[in-house]
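Peer 1: Before we start, here is the structure in question, set down as structure tokens.
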């Protein structure tokens, strides 16, 4: 049997936004029914299965996949229009069920991959990239903190010298400049996780991309405050950004870690 022809072509990747309409068409010879197999519209199910996989180790059941009947125009062409109302990564592919058989006939090629971004991000997305350490006392430095002779002397004696860091509250003090004067809409933070500060430290402060714990906040990015933990001070920044009608992006490099990271113990594989 001649393979059906699908549009968008199998294997293509599409970037769309919330509220967009995605149309699928399938041309198939002979009588029968056509369907779209997809997980579009089932983001909550996939999210729950992903969380369950991490917490319990149970494999995903794939219950986010479902078949949607396509509409036949009477000339061998089938179509379906989907409103994209959820953000996330989804896949889809059409198939044809010839009359008198239960065997599906699929177009050649991989699934269509659909990345749906929130509607807010379709335009006007000026991003301010912030390295929290560079704020506060480090904003006006004319000399890098690892270039002082005193620090090098202490390095040779085996001490770990890490200068004072900028903090979340230092960033908050600059939000009027970022959102009002520069007219940015998004604040993008370089990684804010704890990093190695003694063994395997990279650079004076330690590399922000050598995370020790993806779910923790580096305490050096907070002020010492008995009434607010580092995580609570990070949430102060989140609230302040939202108070400026801004969005907050967090850089999380999940494909590598720092030496002796928590995940090395909890998930050594």
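Peer 1: Say whether the condition of being modelled with pLDDT under 90 and either touching a strand residue (DSSP E or B) at 6+ places or on another chain (Cβ under 8 Å) or in the same structural domain as residue 217 (by TED's automatic domain parsing) (or both) is met by at least one residue in segment 77-100.
Peer 2: no
Peer 1: Also, I was wondering about something else. Which of the residues that make up segment 170-189 are touching a helix residue (DSSP H, G or I) at 6+ places or on another chain (Cβ under 9 Å) and under 21 Å from residue 124 (Cα atoms)?
Peer 2: 175, 178, 179, 184, 185, 186, 187, 189 - these are the residues of segment 170-189 that are touching a helix residue (DSSP H, G or I) at 6+ places or on another chain (Cβ under 9 Å) and under 21 Å from residue 124 (Cα atoms).
Peer 1: Identify, please: which residue in segment 43-83 is without any contact (Cβ under 8 Å) to a residue 24 or more places away in the chain and touching a helix residue (DSSP H, G or I) at 6+ places or on another chain (Cβ under 9 Å) and is, among those, nearest to residue 111 (Cα to Cα)?
Peer 2: Only one residue tops the list, namely 62.
Peer 1: Could you check, for segment 36-48, whether at least one of its residues is surrounded by 15 or more Cβ atoms within 10 Å (Cβ to Cβ), farther than 22 Å from residue 113 by Cβ and assigned by TED's automatic domain parsing to the domain that holds residue 98?
Peer 2: Within segment 36-48, not a single residue is surrounded by 15 or more Cβ atoms within 10 Å (Cβ to Cβ), farther than 22 Å from residue 113 by Cβ and assigned by TED's automatic domain parsing to the domain that holds residue 98.
Peer 1: Here is a further query. Out of 181, 164, report the one residue that is at pLDDT 90 or above, more than 27 Å from the chain's Cα centre (by Cα) and in the same structural domain as residue 261 (by TED's automatic domain parsing).
Peer 2: Only one candidate passes the filter, namely 181.
Peer 1: Output the number of the condition that residue 171 fails; it satisfies all remaining conditions of (1) in a loop (DSSP other than H, G, I, E, B); (2) touching a strand residue (DSSP E or B) at 6+ places or on another chain (Cβ under 8 Å).
Peer 2: Residue 171 satisfies every listed condition except (1).
Peer 1: If you don't mind, there's one more thing I want to ask. Quick one: is residue 56 within 31 Å of the chain's Cα centre (by Cα) and surrounded by 14 or more Cβ atoms within 10 Å (Cβ to Cβ)?
Peer 2: When the stated conditions are applied, residue 56 does not pass them.
Peer 1: What number of residues within segment 213-258 are over 19 Å from the mean Cα position of the chain (by Cα) and either closer than 26 Å to residue 55 by Cβ or outside the structural domain of residue 190 (by TED's automatic domain parsing) (or both)?
Peer 2: Qualifying residue count, segment 213-258: 6.
Peer 1: Just the residues that are exposed (fewer than 14 other Cβ atoms within 10 Å of the Cβ) and free of Cβ contacts under 8 Å to residues at least 40 places away in the same chain, please, taken from segment 105-135.
Peer 2: 123, the sole residue that qualifies.
Table: residues versus (1) loosely packed, with under 15 Cβ neighbours inside 10 Å; (2) part of a loop (DSSP other than H, G, I, E, B).
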residue: 195; (1), (2): no, yes
residue: 200; (1), (2): yes, yes
residue: 204; (1), (2): no, yes
residue: 208; (1), (2): no, yes
residue: 215; (1), (2): yes, yes
residue: 232; (1), (2): yes, no
residue: 237; (1), (2): no, no
residue: 240; (1), (2): no, no
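The values are calculated or read from the model by the stated rules, or taken from the named source; none is laboratory data. Computed from a prediction, not measured in an experiment: that's the story for all the values here. Cβ: placed from backbone, ideal geometry, glycine included. Neighbour counts: every protein chain shown.
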